[in-house]
Amino acid sequence: MSSARLSRYSIAAANELFYEEGVHTVGIDRVIERAGVAKATLYSVFGSKDELIRSYLAGRHAVRRERMLRALARHETPRERLLGVFDVLGESFAEPGFHGCAFVNASAEARPGSPIEEVAGGYHAWVRTLFIELARAAGAPNPEDLARQLVLLYDGVGIAARMDRDSTAAAAVRFDIAP
């Protein structure tokens, strides 16, 4: 099996197991069994469980970013794009098997300075930057402050959706947040 194919199978298995059960709860042997690969081969591709987790989270970030940017491109005004972020978030809450934000979940289990913390922080920085750019395009007088508030809403809505099992939580953000 090629290393690219091995990587795909391993990431797919890690994605299912880590997202459903947690990055530290799931042992590497379960990922290996689900992926149908040898332990030595998995370690030769990823080097460590931490690097497998990093790859899992990086893959989720890439998918989320692509989905978000594709959805926002369909909106005509800056205000619609700002609100559209929450529409995309709400769509993910309604998906079968929603278990909350993979980055929040993984970072809750991370050791300070770990690769998990690094990649989760990178995702969160991307969300903040997205909101700054959208707020700037909407003509907000202080885009950084508005972005900070929107990130807090974004994070809070995701946690509420998970904790309350409320797939409609993102709809609560539908108030006038931009001119």
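Where a number appears in this text, it was derived from the coordinates with a stated rule and is not lab data. The shown structure was predicted, so the numbers you read here are calculated from the model rather than taken from an experiment. Ideal geometry is used to build each Cβ from the backbone, glycine not excepted, and the neighbour counts take in all protein chains shown.
Would you work out which of 75, 41, 53 lies farthest towards the positive end of the dipole of the chain? Charges go on Cβ: Lys and Arg +1, Asp and Glu -1. Positive-end residue among those listed: 41.
With one equal scatterer per alpha carbon and no solvent term, the Debye-computed log10 I(q)/I(0) for the range 25-86 at 0.13 1/Å reads -0.53. Once both labels are positioned 7 Å from their Cα atoms along Cα-to-Cβ, the gap between residue 118 and residue 145 label points is 3.6 nm.
The dipole here belongs to the range 15-115: it is taken about the Cα centre, uses +1 on the Cβ of Lys and Arg and -1 on the Cβ of Asp and Glu, and is about 320 debye.
Remark: the range 52-93 projects, on average over all directions, an area of 3.0 nm² (convex hull of Cα atoms).
Measuring spread by the Cα atoms of the range 1-47 yields a radius of gyration and Dmax of 9.8, 28 Å.
If you take all C-alpha pairs in the chain, what percent of them are over 27 Å apart? So the portion of pairs separated by more than 27 Å is 33 percent.
Quick check of the Kirkwood formula: for the range 79-179, what is the inverse mean of 1/r over all pairs of different Cα atoms, in Å?
14.2
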